[in-house]
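Read the structure below first, then the notes.
The values are calculated or read from the model by the stated rules, or taken from the named source; none is laboratory data. Since the structure is predicted, the reported quantities are computational estimates derived from the model, not experimental observations. Ideal geometry is used to build each Cβ from the backbone, glycine not excepted, and the neighbour counts take in all protein chains shown. Please note that ligands, DNA and RNA were not included when accessible areas were found on the heavy atoms of the full protein model with its side chains. Shrake-Rupley method; radii C 1.70, N 1.55, O 1.52, S 1.80 Å.
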Amino acid sequence: MNPRNPKLTPPSILIHVHDQVPGDDLVTLLLGIEEEGVPVELTRHAELNPLKLAHAAAVASKLGIGIGVSLDYVVITTEKLPEDRPYIARFLADVDGRLIGGDAARVVKRLPLRGFATRTPGTPVTERKH
């Protein structure tokens, strides 16, 4: 974001993250979005509800896509969906952040989603077959 001139800020996916979420939990999510070439902006908030975080991010985003991260959940939604009915909501430990971040960017680009990766604690990440 360009604080001196917000008009120069490119449209981006907004990520609203609870204050206590460790930065390490966000790295792969951000990498997934970056790999798809979509700008992203992250801000921290006191709100605990990931649904509210995602919805507020989507409404504030020029692209209409927002991500909320809190209480071990990652939620992706659009500005047009009701707050309690997000597009994607997953337990953070059960998803590959790179895939879910990429899928958020693919919603913006109107491309098919790549799916979600799941894992059992202590096992390597594997992609779920649909």
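Results, tabulated for the structure shown:
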| read-out | value |
| --- | --- |
| Near pairs, Cβ below 8 angstrom, 6+ apart or cross-chain, from the range 1-19 (at pLDDT below 95 and part of a loop (DSSP other than H, G, I, E, B)) to any residue that is open to solvent by less than 70 Å² (accessible area, probe 1.4 Å) and of a type in the set (D, E, K, R) | MET1/GLU41; THR9/GLU41 |
| Residue pairs meeting the criteria (Cβ under 8 Å; at least 6 apart or on separate chains; first in a helix (DSSP H, G or I), in the range 28-41; second open to solvent by 60 Å² or more (accessible area, probe 1.4 Å) and modelled with pLDDT of 95 or more) | LEU30/LEU42 |
| Qualifying residue in the range 75-86 (condition: in contact with a Leu (Cβ under 8 Å, 6 or more places away or on another chain), hydrophobic (A, V, I, L, M, F, W, C), within 19 Å of GLU36 (Cβ to Cβ) and touching a residue at least 12 places away in the same chain (Cβ under 8 Å)) | yes |
| SER70 among the polar types (S, T, N, Q) and under 18 Å from ASP103 (Cβ atoms) | no |
| Members of the range 99-130 that are of a type outside the set (S, T, N, Q), part of a loop (DSSP other than H, G, I, E, B) and modelled with pLDDT under 90 | ARG114, GLY115, PHE116, ARG119, PRO121, GLY122, PRO124, VAL125, ARG128, LYS129, HIS130 |
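Here's the yes/no breakdown for (1) in contact with a strand residue (DSSP E or B) (Cβ under 6 Å, 6 or more places away or on another chain); (2) open to solvent by 40 Å² or more (accessible area, probe 1.4 Å); (3) closer than 18 Å to GLY23 by Cβ:
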{"position": "PRO39", "(1), (2), (3)": "no, yes, no"}
{"position": "ALA46", "(1), (2), (3)": "no, yes, yes"}
{"position": "GLU83", "(1), (2), (3)": "no, yes, no"}
{"position": "ARG98", "(1), (2), (3)": "no, yes, yes"}
{"position": "GLY102", "(1), (2), (3)": "no, no, no"}
